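Notes to accompany the following structure.
The values are calculated or read from the model by the stated rules, or taken from the named source; none is laboratory data. All values reported here derive from a predicted model rather than from experimental measurement. Because the Cβ atoms are built from the backbone with ideal geometry, glycine has one as well, and the counts that use them run over all protein chains shown. Accessible surface is based on the protein model in full, side chains and every heavy atom, while ligands, DNA and RNA are left aside. Shrake-Rupley method; radii C 1.70, N 1.55, O 1.52, S 1.80 Å.
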Amino acid sequence: MRFEIPADKKLVHESIIPIRWGDMDAMGHVNNTIYFRYFEIVRLDWFYAIGAAASRTAGSGPVIVNAFCSFLRQLEYPGEVRARMYVANPGRSSFDTYVTLERTDEPGIVYAEGGAMTVWTDYAARKSAPIPDALRALIA
């Protein structure tokens, strides 16, 4: 099954991530689990850039409740990945994030695309909380 990224989304961040030799598996391509790491890197870069990153002392912050990836082409070392992050569907406490991965030396060719649902969470109560107004303004 291939998950489709919706056309109605908002680009919010982009990161360049080096492909490391250790990212590859015995088959000579980037291991499937690493694609999720690339998604995590761009998502965290964005959260830190906007001041919404979770910390142990924060009262609330983002929690990923599901994730998916469609592997379209095999990434291989050496090279760099351009990860583009999009947001869509803001609700009371959740929003969707989507990521596309391209090689920087092959712009426009998507190697993988995926996403995750992010839920803003009250850490002490261990339940969802309303998305802060400043974050809502960025994702609306």
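Output the residues belonging to region 21-50 that are in contact with a Pro (Cβ under 9 Å, 6 or more places away or on another chain) and closer than 13 Å to residue 75 by Cβ.
Start the filter on region 21-50 by keeping residues that are in contact with a Pro (Cβ under 9 Å, 6 or more places away or on another chain), which leaves 21, 43, 47.
Result: 21, single match.
Within region 77-91, is even one residue over 16 Å from the mean Cα position of the chain (by Cα), more than 17 Å from residue 45 (Cα to Cα), surrounded by 16 or more Cβ atoms within 10 Å (Cβ to Cβ) and at pLDDT 95 or above? Spell out how you get there, then give the answer.
Just the residues of region 77-91 that are over 16 Å from the mean Cα position of the chain (by Cα), to begin with: 77-80, 91.
Filter again for more than 17 Å from residue 45 (Cα to Cα), leaving 77-79, 91.
Still in the running and surrounded by 16 or more Cβ atoms within 10 Å (Cβ to Cβ): none.
No: region 77-91 contains no residue that is over 16 Å from the mean Cα position of the chain (by Cα), more than 17 Å from residue 45 (Cα to Cα), surrounded by 16 or more Cβ atoms within 10 Å (Cβ to Cβ) and at pLDDT 95 or above.
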Any hit, region 61-71, residues being more than 15 Å from the chain's Cα centre (by Cα), open to solvent by less than 70 Å² (accessible area, probe 1.4 Å) and closer than 25 Å to residue 121 by Cβ: yes
Flag if residue 125 is aliphatic (A, V, I, L, M) and part of a loop (DSSP other than H, G, I, E, B): yes
Neighbours by Cβ (under 6 Å, 6+ apart or cross-chain): first from region 2-31, exposed (fewer than 11 other Cβ atoms within 10 Å of the Cβ); second part of a strand (DSSP E or B) and of a type in the set (Gly, Ala, Ser): 2/70
Region 91-113 residues that are within 14 Å of residue 4 (Cβ to Cβ), paired with ones that are open to solvent by less than 20 Å² (accessible area, probe 1.4 Å) and part of a loop (DSSP other than H, G, I, E, B) (beta carbon under 9 Å, 6 or more apart): 112/75
